[in-house]
Amino acid sequence: MSSLMSRRAFAAAAAALAFLGTGSKCATAQVADSRPPTVDTSNPKQVADGVWVVSDNRVWLVPNIGIIVGKDAALVVDCGLGPANGEKILELARRLAGPRRLMLTLTHFHPEHGYGAQVFRRDATILYNRIQRDELAEKGARYIDLFRKTQTAAAAAALDGTTIVMPDVIYDGPRLEVDLGGRIVELRSVGTVHTRGDQIVFLPKERILFAGDLIEERMFPIFPWFPPLDTDLDGTRWTQVLSNLQRFDPDLIVPGHGDPGTIDIALGLASHIDSVSRRVRALRQAGKATDEILREAKPDIISAYPCWEHPGLIDWEISYYAAQPA
């Protein structure tokens, strides 16, 4: 291993470890989370020069949020659930960016990642890929109703005053290069995986990758399988995209939820998704109905991942695969 690679590996490990506690990794495993989905901006972590992550602190419906600062501009990656959270992120971004121009992009359209965007219209340029913009226009209001009906009272309250806003700039194709001034950031559209318009954000020089909900760390993946409201996801492509992240040679991956880590968190999740898909397919071929598959497979999946949070998410994952052709 070269000295450069050694330094890079050491820096990535140090940045990831900054997010981890000193106790057992299983200490935070839980079934539910009743804490309000409030973004905590009191302790942003600098993972590279000019690159900050606002940690989700493992709170349900709070995403990891990035703020990337160049010489001329700063880019915010995701902004939290509702306008109050958006205001907190905007205030922090202003403080870190100083007089620089502000931009906002989202990893995908889901409420906890992007429904604070309206407050950025005053001070920032909002950039999405076209598919994400179209999906937001089609489903945005419906997801406000869904979250109000299915999430906690605190989550519903966080959505008070939310309006769906469209981007100032959209891009077509797989990639948009954004120059922040001495710092290049790549916005890469990956197509239908977790949503139709998933996007990763990559810093090629620093080799830092913001993955959104393509990756959850030490947490079961979020399969938004809500027929007939929403069925736009692709589990087969999900594992392919996760495996293909290796070509970016990332030193640090910031997941949508959970602690940042190395490529191992992507490959571990790909292995899990592939395992569940094969197990459900076999049970379907044996003539099992969805309810039967849930009863039979869910306990085994939970026991195989005892440190992973939110096992209730397995129901959506199994239901998705049970609805696919055997």
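The values are calculated or read from the model by the stated rules, or taken from the named source; none is laboratory data. Note that the structure is predicted; figures quoted are calculated from it, not measured. Don't worry about glycine lacking a Cβ; one is built from the backbone with ideal geometry, like all the others, and counts go over all protein chains shown. Heads up: the accessible areas ignore ligands, DNA and RNA and are worked out on the full protein's heavy atoms, side chains in. Shrake-Rupley method; radii C 1.70, N 1.55, O 1.52, S 1.80 Å.
Quick check: pseudo-label points 7 Å beyond the Cα along Cα→Cβ at Lys71 and Leu313, how many nm apart are they?
Simple spin-label model gives 4.0 nm for this pair.
Can you list the lysines whose alpha carbon sits under 20 Å from that of Lys288, skipping same-chain ones fewer than 8 residues off?
Cross-link targets: Lys298.
If N is the number of residues in the stretch 95-243, what value comes out of its Cα radius of gyration divided by 2.2 N^0.38 Å? It would help to have the intermediate numbers written out before the result.
Numbers: Rg = 15.8 Å, N = 149, 2.2 N^0.38 = 14.7 Å.
Dividing the Cα radius of gyration by 2.2 N^0.38 Å gives 1.07.
Looking at the chain, do any whole DSSP H helices span at least 18 angstrom along their long axis by alpha carbon and average 0.5 or above on Kyte-Doolittle, and which?
Both cut-offs are met by 3-17.
If the cut-off is 26 Å between C-alpha atoms, which lysines fall inside it for Lys205, apart from same-chain ones fewer than 8 positions away?
Lys45, Lys71
Take the chain, connect every pair of alpha-carbon atoms lying under 10 Å apart with a spring to form a Gaussian network, then pick out the residue of Pro227, Pro306, Pro255 with the largest mean-square fluctuation.
Among Pro227, Pro306, Pro255, the largest mean-square fluctuation in the Gaussian network model of the chain belongs to Pro227.
How big is the Rg/Rh ratio for the stretch 200-312, C-alpha atoms only, Rh by Kirkwood, two decimals? Could the numbers behind the result be given before it?
Working: Rg = 15.3 Å, Rh = 15.2 Å.
With Rg and the Kirkwood Rh in hand, the quotient comes to 1.01.
Calculate the translational D of the stretch 183-248 in whole µm² s⁻¹ from Stokes-Einstein, where the hydrodynamic radius comes from the Kirkwood formula applied to all Cα pairs, the temperature is 20 °C and the viscosity 1.002 mPa s. Don't skip to the end; give the middle numbers.
Details: Rh = 12.8 Å.
Answer, rounded: 168 µm²/s.
Nearest 5 is fine: what % of DSSP beta bridges in the stretch 202-326 come out antiparallel, could you say? Intermediate results must be reported in sequence, preceding the final value.
Details: 4 of 10 bridges.
So the antiparallel bridges amount to about 40 percent of the total.
Relative contact order (percent) for the stretch 161-316, with alpha-carbon contacts under 8 angstrom and 6 or more residues of separation? Walk me through the numbers on the way to the answer.
Details: 225 pairs, mean separation 30.9, N = 156.
Here the relative contact order equals 20 percent.
Check Leu180: other-chain or 5+ apart residues with amide H under 5 Å from its amide H, H built from backbone geometry?
Val185
Val201: net charge of surrounding residues, Cβ under 15 Å, Lys/Arg +1, Asp/Glu -1, itself excluded? Write out the running numbers ahead of the final one.
Details: positive: Arg175, Arg183, Arg188, Lys205, Arg207; negative: Asp78, Glu177, Asp179, Glu186, Asp198, Glu206, Asp213, Asp251.
Summing Lys/Arg as +1 and Asp/Glu as -1 gives -3.
Looking at the chain, send over the antiparallel percent of its DSSP beta bridges, to the nearest 5. Mind dumping the intermediate values first?
Numbers: 26 of 44 bridges.
If I count the DSSP bridges inside the chain, around 60 percent turn out antiparallel.
Mind checking the alpha-carbon convex hull of the stretch 107-156 and giving the volume per residue in Å³?
Details: hull volume 4.0 nm³, N = 50.
Dividing the Cα hull volume of the stretch 107-156 by its residue count gives 81 Å³.
At a 1.4 Å probe, what is the % contribution of carbon and sulfur to the accessible area of the chain? Each step should come with its number before you reach the end.
Numbers: 7040 of 13470 Å².
Percent of accessible area from carbon and sulfur atoms in the chain: 52.
One-quarter of the Cα convex hull surface for the chain, in nm²? Present the calculation step by step, with values, prior to reporting the outcome.
On the way: hull surface 65.7 nm².
Mean projected area of the Cα convex hull: 16.4 nm².
If R0 is 25 Å, what FRET efficiency do you get for Leu146 and Met166 from their C-beta distance, rounded to 0.05? Provide the component values of the computation, followed by the final result.
Numbers: r = 20 Å, r/R0 = 0.80.
It comes out at approximately 0.80.
Take every Cα pair under 8 Å in the chain that's 6+ residues apart, average their separations, divide by the length, and report that relative contact order as a whole percent. Intermediate results must be reported in sequence, preceding the final value.
On the way: 640 pairs, mean separation 54.0, N = 326.
Taking the mean separation of contacting Cα pairs over the length of the chain, I get 17 percent.
Antiparallel DSSP bridges in the stretch 43-174: what percent, to the nearest 5?
50 percent
Between Asp264 and Ala156, what length in nm is gained on full extension when 0.36 nm per residue of separation is reduced by their alpha carbon distance?
35.4 nm
Looking at the stretch 50-111 from every direction and averaging, what is the projected area of its Cα convex hull in nm²?
Working: hull surface 16.2 nm².
Averaging across all directions leaves 4.0 nm² for the Cα convex hull.
Against the globular-protein guess of 2.2 N^0.38 Å, express the Cα radius of gyration of the stretch 116-186 as a ratio, rounded to two decimals. Don't jump to the answer; show the numbers that get you there.
Details: Rg = 15.0 Å, N = 71, 2.2 N^0.38 = 11.1 Å.
In units of the globular-protein estimate, the stretch 116-186 measures up at 1.35.
Using modelled backbone amide H atoms (1.01 Å from N, in-plane), which distant-in-sequence or interchain residues come within less than 5 Å of Asp33's amide H?
none
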